[in-house]
Amino acid sequence: MKKIISGKVREVFDLEDGRMVIVTTDRLSAFDVILPTLIPGKGRVLNALSAFWFGYTTDIVRNHLISADLRDMPAEFRKDEYEGRTMLVRKLRMIPYEVIVRGYMFGSMYDALKSGSLPEGVRFDRDYDLAERLDAPIVTPSTKAQEGHDVNVSLAYMRNDIGGDLADKIERAALAIYNKAYEHAYKNGIIIADTKFEFGLDEDGALVLADEVLTPDSSRFWNLAEYKVGTSPASYDKQFVRDWLKANNLAGDPNITSVPADVVEKTADIYRECERKICGN
């Protein structure tokens with residue numbers, strides 16, 4: 001098959017008929033380094049979560065998913081190794097922005113608030129503590145860098161670049177998806193503190209949700225039972241691995257040879273627990 005992307009986690013194949021196949025691997029990237037040890041089942045969890053959210057939010061905006069059933073895939077993918085980790089999707093003209101929705105004061109936004117250097121266009125009517133829920137979620141786009149880190153920009157910048165009507169559609173869709181997903185996750189013991197979306201346009205120019213959606217890799221998921229304002233809440237993501245890397249002075253080290261079995265197992269358990277809470281059975 002014609003592979004067009006080999007990312008940190010996903011392999012993307014072009015069927016050259018307006019469709020693509022996306023395979024989500026068990027690879028894990030931390031501090032911009034792909035770790036040499038796989039996290040068993042991680043790709044299937046990410047795939048299952050994206051498929052769930054695509055279906056859950058289809059009343060808000062179209063999405064690129066055609067099928068997650070191997071029987072609908074080209075023959076090359078009808079193998080056990082691809083089961084549960086593969087999607088057949090529509091090929092889109094991607095919009096060159098990641099659309100970040102923030103529902104809580106945390107991470108870089110908290111640092112910017114405390115240093116008085118909030119991004120252009122971002123204003124708050126009051127001060128916030130660490131990990132406190134915002135009065136209303138906000139959208140902060142970033143450009144998609146081919147190399148290096150993405151660059152945060154204002155909504156006004158994105159409007160000037162792609163047009164006000166399209167930018168407004170994206171903002172409304174992103175907020176609506178976040179709010180609906182937030183309520184579902186909250187009822188099941190998970191707080192979606194923030195997340196990122198990617199959108200494209202189909203052949204008719206309609207807005208379409210794409211890439212992965214509301215996974216632990218693209219979002220900050222917190223355990224509701226352990227959440228407390230003023231602290232750094234426990235996350236359902238690769239933070240466990242990141243903490244191990246930092247504790248062993250291996251953060252960003254491209255020469256790391258392996259990750260201990262207990263760290264791998266704990267990380268896999270965290271991903272599986274997230275899937276159980278979001279998707280149920």
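Some observations on this one:
- Filter result (in contact (Cβ under 8 Å) with a residue 40 or more places away in the chain, within 20 Å of residue 16 (Cα to Cα) and charged (D, E, K, R)) within region 57-99: 76, 90, 91, 93
- Considering only residues in region 133-163 that are of a type in the set (A, V, I, L, M, F, W, C) and part of a loop (DSSP other than H, G, I, E, B), the one that is farthest from residue 229 (Cα to Cα) turns out to be 145.
- Of all residues assigned to region 55-62, none qualifies as being within 21 Å of residue 184 (Cα to Cα) and in contact with a Pro (Cβ under 9 Å, 6 or more places away or on another chain).
- Test: residue in region 56-68 that is touching a Phe, Trp or Tyr at 6+ places or on another chain (Cβ under 9 Å), among the charged types (D, E, K, R), open to solvent by 10 Å² or more (accessible area, probe 1.4 Å) and not in a strand (DSSP E or B): no
- Here residue 27 meets the list (1) farther than 16 Å from residue 87 by Cα; (2) open to solvent by less than 40 Å² (accessible area, probe 1.4 Å); (3) of a type in the set (Lys, Arg) almost entirely, failing just condition (2).
- Any hit, region 84-91, residues being closer than 19 Å to residue 207 by Cβ and in contact with a Gly (Cβ under 9 Å, 6 or more places away or on another chain): yes
- Total residues in region 22-56 satisfying the condition of being acidic (Asp, Glu) and free of Cβ contacts under 8 Å to residues at least 60 places away in the same chain: the figure is 1.
So that you can scan it fast, the table gives a plain yes or no per residue for (1) surrounded by fewer than 18 Cβ atoms within 10 Å (Cβ to Cβ); (2) touching a helix residue (DSSP H, G or I) at 6+ places or on another chain (Cβ under 9 Å); (3) farther than 27 Å from residue 233 by Cα; (4) of a type in the set (Asp, Glu):
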position: 94; (1), (2), (3), (4): yes, no, yes, no
position: 109; (1), (2), (3), (4): no, no, no, no
position: 117; (1), (2), (3), (4): yes, yes, no, no
position: 133; (1), (2), (3), (4): yes, no, no, no
position: 141; (1), (2), (3), (4): no, yes, no, no
position: 160; (1), (2), (3), (4): yes, yes, yes, no
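- Just one of the listed residues (123, 133) is farther than 17 Å from residue 171 by Cα and more than 17 Å from the chain's Cα centre (by Cα), and it is 133.
- Within region 77-92, being touching a helix residue (DSSP H, G or I) at 6+ places or on another chain (Cβ under 7 Å) and either surrounded by 15 or more Cβ atoms within 10 Å (Cβ to Cβ) or assigned to a strand (DSSP E or B) (or both) holds for 77, 82, 84, 85, 86, 87, 88.
- Long-range neighbours under 9 Å by Cβ, at least six apart or interchain, first residue of a type in the set (Val, Ile, Thr) within region 100-127, second assigned to a loop (DSSP other than H, G, I, E, B) and open to solvent by less than 80 Å² (accessible area, probe 1.4 Å): 122/154
- Among the residues of region 30-55, the ones that are under 15 Å from the mean Cα position of the chain (by Cα) and open to solvent by 80 Å² or more (accessible area, probe 1.4 Å) come to 1 in all.
Here's the yes/no breakdown for (1) of a type in the set (Asp, Glu); (2) closer than 17 Å to residue 51 by Cβ:
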position	(1), (2)
184	no, yes
190	no, no
195	no, yes
199	no, no
202	yes, no
210	no, yes
213	no, yes
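The values are calculated or read from the model by the stated rules, or taken from the named source; none is laboratory data. All of these numbers come straight from a predicted model, not from anything done at the bench. Methodologically, a virtual Cβ is constructed for each residue, glycine included, from the backbone with ideal geometry; neighbour enumeration extends over all protein chains shown. Heavy atoms of the whole protein, side chains included, go into the accessibility calculation; ligands, DNA and RNA do not. Shrake-Rupley method; radii C 1.70, N 1.55, O 1.52, S 1.80 Å.
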